[in-house]
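Trainee: One structure, pasted below without further comment.
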Ligand SMILES: [Zn+2]
Ligand SMILES: [Zn+2]
């Protein structure tokens with residue numbers, strides 16, 4: 001089904017729209033991230049004259065790697081989805097297209113369908129650029145012994161404190 005807005009079929013009003021796309025259809029190519037299920041987008045679409053406004057959100061189940069402990073984890077990524085399409089006369093389209101920005105698109109009048117997969121991919125990448133954590137309180141990996149501190153304790157930090165006291169201990173021993 002993919003993320004295709006059927007502009008021609010939209011009522012001149014607000015309507016509720018829902019879309020589903022398989023990971024294959026979305027084909028997100030982003031290192032360290034895998035889309036593991038259907039991506040859903042939904043929202044209210046307002047059409048009036050030459051403008052279509054989409055206001056909603058999307059949810060993508062992904063598997064990614066924690067930036068602190070390097071373990072893989074799965075999560076539903078949720079993000080706002082807002083974009084505006086402006087239908088313009090064919091003759092003005094090329095000129096206007098260059099002015100299009102992230103959330104504002106120009107499309108030639110008479111366009112029947114708008115594929116917003118590219119927009120979803122961009123939004124997903126924006127959402128992914130924040131450092132992913134398997135959980136807020138992830139304790140990460142010990143820089144000294146490399147143990148995953150979520151699963152096991154290590155004594156590296158204790159040892160360090162011990163080492164700091166060594167000179168004092170020597171001093172006490174000598175006296
Ligand atoms: Zn982690
Ligand atoms: Zn350690």
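Throughout, read-outs are computed from the coordinates displayed, never taken from laboratory work. Here the structure is a predicted model, which is why all the values come from computation and not from measurement. Note that each Cβ is placed from the backbone with ideal geometry, even for glycine, and that neighbours are counted across all protein chains shown.
Trainee: Helix 117-128 versus the longest principal axis of the chain: what angle, 0 to 90°, nearest 10, using Cα atoms?
Mentor: The angle comes out at about 20 degrees.
Trainee: How high is the FRET efficiency from residue 13 to residue 147, r the C-beta distance, R0 45 Å, rounded to 0.05? Display every interim value, and only then the final one.
Mentor: Details: r = 59 Å, r/R0 = 1.32.
Calculated transfer efficiency: 0.15.
Trainee: Tell me the label-point distance for the pair residue 22, residue 67, using the 7 Å Cα-to-Cβ offset, in nm and rounded to one decimal.
Mentor: Label at residue 22, label at residue 67, 3.3 nm between them.
Trainee: Using only alpha-carbon positions, what ratio does the radius of gyration of the chain give when scaled by 2.2 N^0.38 Å?
Mentor: Working: Rg = 25.8 Å, N = 175, 2.2 N^0.38 = 15.7 Å.
Ratio of Cα Rg to 2.2 N^0.38 Å: 1.65.
Trainee: Could you work out the relative contact order of the chain? I mean the mean sequence separation of Cα pairs under 8 Å and 6+ apart, divided by the number of residues, in percent. Before the final figure, lay out each step's value.
Mentor: Numbers: 289 pairs, mean separation 33.2, N = 175.
So the answer I get is 19 percent.
Trainee: Also, I was wondering about something else. Rounded to the nearest 5, what % of DSSP beta bridges with both residues in the range 4-138 are antiparallel?
Mentor: Numbers: 39 of 44 bridges.
Roughly 90 percent of the beta bridges in the range 4-138 run antiparallel, per DSSP.
Trainee: Next question, about the same structure. Within the range 62-96, what residues put their amide N at less than 18 Å from the label point 7 Å along the Cα-to-Cβ vector of residue 133?
Mentor: Label zone hits: 64-78.
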